[in-house]
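Here is the structure we will look at, set down as structure tokens.
What follows draws every value from the coordinates through simple rules; no lab data is involved. None of the values given here were measured: they were computed from a predicted structure. Glycine also receives a Cβ, built like all others from the backbone with ideal geometry; neighbour counts cover every protein chain displayed.
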Amino acid sequence: MEGELDLKAVIKDAMKELITANFSKMDVNGDGSLDKGELLQSMTENGDFDFPPSIKGDSREAKLDAFFAKLDANHDGKITLEEMINGLNAFIDEAFDEAMAAMAHV
Ligand SMILES: [Ca+2]
Ligand SMILES: [Ca+2]
């Protein structure tokens with residue numbers, strides 16, 4: 001399963017680069033972290049954003065709340081660059097595990 005692990009690492013590296021490069025742009029008020037409004041804005045600017053499958057909610061707002069809560073590891077209402085990368089890494093792991101589980105059922 002070495003190829004699988006490498007692909008995951010490549011995706012994580014690309015994600016980290018992308019987030020790091022864009023974080024200051026996403027941080028509209030320049031306080032070094034993203035609040036909910038800034039997260040929403042950055043997501044909608046990038047077109048139609050699909051929440052990870054594990055994010056459940058009846059509405060887009062509810063999903064945003066759940067997504068934000070999952071990224072905001074220390075629950076201070078702000079997402080730092082580190083929290084963002086760690087959080088998205090977890091979603092990448094999740095997506096891979098689901099893909100592997102789905103393949104195992106074929
Ligand atoms: Ca901010
Ligand atoms: Ca936080």
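A compact table of results
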{"read-out": "Dipole magnitude of the stretch 2-104 about its Cα centre (Cβ charges: Lys, Arg +1; Asp, Glu -1), debye to nearest 20", "value": "160"}
{"read-out": "Amide H contacts of ILE79 (H built 1.01 Å from N, under 5 Å, at least 5 apart or other chain)", "value": "LEU34, ASP35"}
{"read-out": "The stretch 6-55: C-alpha gyration tensor shape, a/c 1.5 cut-off, then a/b vs b/c", "value": "oblate"}
{"read-out": "Under 12 Å, Cβ to Cβ, from LYS25 - net charge with Lys/Arg +1 and Asp/Glu -1", "value": "-3"}
{"read-out": "Rounded, prolate or oblate (a/c below 1.5 giving rounded, otherwise prolate when a/b exceeds b/c) for the stretch 26-81 by Cα gyration tensor", "value": "oblate"}
